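The values are calculated or read from the model by the stated rules, or taken from the named source; none is laboratory data. Since the model is a prediction, treat every value here as computed from it, not as a measurement. Cβ coordinates were reconstructed from backbone atoms using ideal geometry, including for glycine residues, and neighbour counts include every protein chain displayed.
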Amino acid sequence: VRYDSDRQDSVVIDHDRVRPTSKVDFGRGGAWMGRARVCVLGSANMDLVVFADRAPASGETVAGRRFVTIPGGKGANQAIAAARAGGEVSMVGAVGADPYGDEIRAVLAGAGVGVEGVARVEATTGTAHILVEDSGDNSIVVVSGANGTVHDPVAGLDAALEGAEFLLLQLELPMDAVVAGARAAQAHGVKVVLTPAPASPLPPDLLDNVDLLVPNEHEAGILTGKDAPEAAASALLDVVPEVVVTLGARGARWLRRDGGGDHLPAPRVEVRDTTAAGDTFVGALAVALGEGRPMPAALRWAGAAAALSVQREGASTSMPTRDEIDRFDR
Ligand code: ADP
């Protein structure tokens, strides 16, 4: 069931889209709303995490205490966050034809993410080799593997973008793929949300097709050379129409070129692990906006989702469900 915003008097029933799990509800504004449709073009990695007292020096061997493998990558994280928040999500990207790749596809599918667009290619699945020291410091080596083979994603994207409200992009795929994705989304009338991480220079032909940029404070500083988030957000409005700078425990600063903006404080919670807080925030934000909520309400709901995630360990394992977010955001 899809609310046709161009024809306020009509509700269009698209039987192909009605699934047994579809939840139709009334948003805060009282409007008739279906599930938000979100497409993610991005990375999928297996995080290989070792916990040890301290990092070895060059040439040294130290004993580790614990080892875990956790599906990650900013693309997969945002897809899972959006699906758990109640979106109808499809992902486009690549994994290797190996056990890690199979596991990542299974975890995405288990979270309800459509994986038809996640190709299995002749390369190793992307991996992040993470060492966590007792001090809490960590060091990471990323091997992009299959992610690095994604250059021309448009064929896989065309189907995924059909009927979507948002395309979520990050910078862990080759830049030509990210640029092509943004362009394809605009051609489909799909709004583009870019998380500029890891921070790197943004080419004009990407920025031209970005509707909403969501950097964290650190990334906003690198992109603009300005330390103060307010100043960085203003500077970013020269290149994109709308910006949300996430500020960790201080919440988020939203600014729009045509006026409008707000500071949304974060709920006070006890923090256990902030991994993927930003990805949880963006996934939930896209779902809320896709359901037609106004930006301040969407930011508040996304802040509730992220605040829940930082109270739990892990990335995909820490992301809250829609019911949990609603209960927290009362
Ligand atoms: P990233 O995870 O990308 O570095 P941030 O640290 O800015 O991004 O966190 C993203 C969002 O997660 C914040 O805007 C906030 O809503 C939420 N968040 C992060 N840390 C906390 C915290 N300590 N308490 C409550 N919310 C938090």
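Consider the stretch 236-249. How many of its residues are more than 18 Å from Asp279 (Cβ to Cβ) and either surrounded by 16 or more Cβ atoms within 10 Å (Cβ to Cβ) or within 15 Å of the ligand (Cβ to nearest atom) (or both)? If you could, list the steps in order and put the result at the bottom.
From the stretch 236-249, those more than 18 Å from Asp279 (Cβ to Cβ) are 236-242; that's our starting set.
The next check asks that each one be either surrounded by 16 or more Cβ atoms within 10 Å (Cβ to Cβ) or within 15 Å of the ligand (Cβ to nearest atom) (or both); those that pass are 236-237, 239-240, 242.
Of the residues in the stretch 236-249, 5 are more than 18 Å from Asp279 (Cβ to Cβ) and either surrounded by 16 or more Cβ atoms within 10 Å (Cβ to Cβ) or within 15 Å of the ligand (Cβ to nearest atom) (or both).
Report the residue count in the stretch 234-275 for those that are among the charged types (D, E, K, R), part of a loop (DSSP other than H, G, I, E, B) and in contact with a helix residue (DSSP H, G or I) (Cβ under 7 Å, 6 or more places away or on another chain). First the steps, then the outcome.
If we filter the stretch 234-275 for residues that are among the charged types (D, E, K, R), which is where we start, we get 238, 242, 250, 253, 256-258, 262, 268, 270, 272-273.
So of that shortlist, the ones also part of a loop (DSSP other than H, G, I, E, B) come out as 238, 257-258, 268, 270, 272-273.
Next cut, in contact with a helix residue (DSSP H, G or I) (Cβ under 7 Å, 6 or more places away or on another chain) only: 273.
Count: 1.
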Identify, please: which residue in the stretch 250-260 is closer than 20 Å to Leu223 by Cα and more than 8 Å from the ligand (Cβ to nearest atom) and is, among those, modelled with the lowest pLDDT?
Arg257
Meets criteria (in contact (Cβ under 8 Å) with a residue 40 or more places away in the chain and either surrounded by 15 or more Cβ atoms within 10 Å (Cβ to Cβ) or of a type in the set (Lys, Arg) (or both)) for Asp53
no
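Got a number for residues in the stretch 276-304 being within 8 Å of the ligand (Cβ to nearest atom) and either assigned to a helix (DSSP H, G or I) or without any contact (Cβ under 8 Å) to a residue 24 or more places away in the chain (or both)? Give the derivation first.
Step one: list which residues in the stretch 276-304 are within 8 Å of the ligand (Cβ to nearest atom), which gives 276-281, 302-303.
From what's left, either assigned to a helix (DSSP H, G or I) or without any contact (Cβ under 8 Å) to a residue 24 or more places away in the chain (or both): 277-281, 302-303.
Number of matching residues: 7.
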Look at the stretch 266-287 and say how many of its residues are of a type in the set (A, V, I, L, M, F, W, C) and more than 19 Å from Gln170 (Cα to Cα).
3
If we ask which residues in the stretch 214-235 are among the small types (Gly, Ala, Ser), within 16 Å of the ligand (Cβ to nearest atom) and touching a residue at least 12 places away in the same chain (Cβ under 8 Å), their number turns out to be 3
So which of Ala232, Ala252, Ala197 ends up being surrounded by fewer than 23 Cβ atoms within 10 Å (Cβ to Cβ) and small (Gly, Ala, Ser)?
Ala197
Just to be sure I understand, how many residues within the stretch 81-90 are in contact with a Pro (Cβ under 8 Å, 6 or more places away or on another chain) and more than 14 Å from Leu289 (Cα to Cα)?
1
Filtering the stretch 305-324 for residues that are away from the ligand (no atom under 12 Å from the Cβ) and assigned to a helix (DSSP H, G or I) leaves a count of 5
Only unsatisfied item for Arg268, checking (1) surrounded by fewer than 16 Cβ atoms within 10 Å (Cβ to Cβ); (2) more than 11 Å from the ligand (Cβ to nearest atom); (3) more than 24 Å from Arg35 (Cα to Cα), is (2)
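Residue under question is Gly181, and the condition is that it be buried (at least 17 other Cβ atoms within 10 Å of the Cβ), part of a helix (DSSP H, G or I), of a type outside the set (Ser, Thr, Tyr) and touching a Gly at 6+ places or on another chain (Cβ under 7 Å); does it hold? Quick ask: steps written out before the conclusion?
Details: buried (at least 17 other Cβ atoms within 10 Å of the Cβ): yes; part of a helix (DSSP H, G or I): yes; of a type outside the set (Ser, Thr, Tyr): yes; touching a Gly at 6+ places or on another chain (Cβ under 7 Å): no.
In short, no.
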Please find, among Val141, Val132, the residue that is assigned to a strand (DSSP E or B), hydrophobic (A, V, I, L, M, F, W, C) and either touching a residue at least 60 places away in the same chain (Cβ under 8 Å) or surrounded by 16 or more Cβ atoms within 10 Å (Cβ to Cβ) (or both).
Val132
Condition first: under 17 Å from Gln170 (Cβ atoms), of a type in the set (A, V, I, L, M, F, W, C), in contact (Cβ under 8 Å) with a residue 40 or more places away in the chain and surrounded by 19 or more Cβ atoms within 10 Å (Cβ to Cβ). Can you find one or more residues in the stretch 145-156 that meet it?
yes
Which ones in the stretch 152-178 are assigned to a loop (DSSP other than H, G, I, E, B) and over 20 Å from the mean Cα position of the chain (by Cα)?
Asp152
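Return the residues of the stretch 200-234 that are among the aliphatic types (A, V, I, L, M) and in contact with a strand residue (DSSP E or B) (Cβ under 9 Å, 6 or more places away or on another chain); say none if nothing qualifies. Before you say what the answer is, go through the steps one by one.
Step one: filter the stretch 200-234 for residues among the aliphatic types (A, V, I, L, M), giving 202, 206-207, 210, 212-214, 220, 222-223, 228, 231-233.
Within the stretch 200-234, Leu202, Leu206, Leu207, Val210, Leu212, Leu213, Val214, Ala220, Leu223, Ala232, Ala233 qualify.
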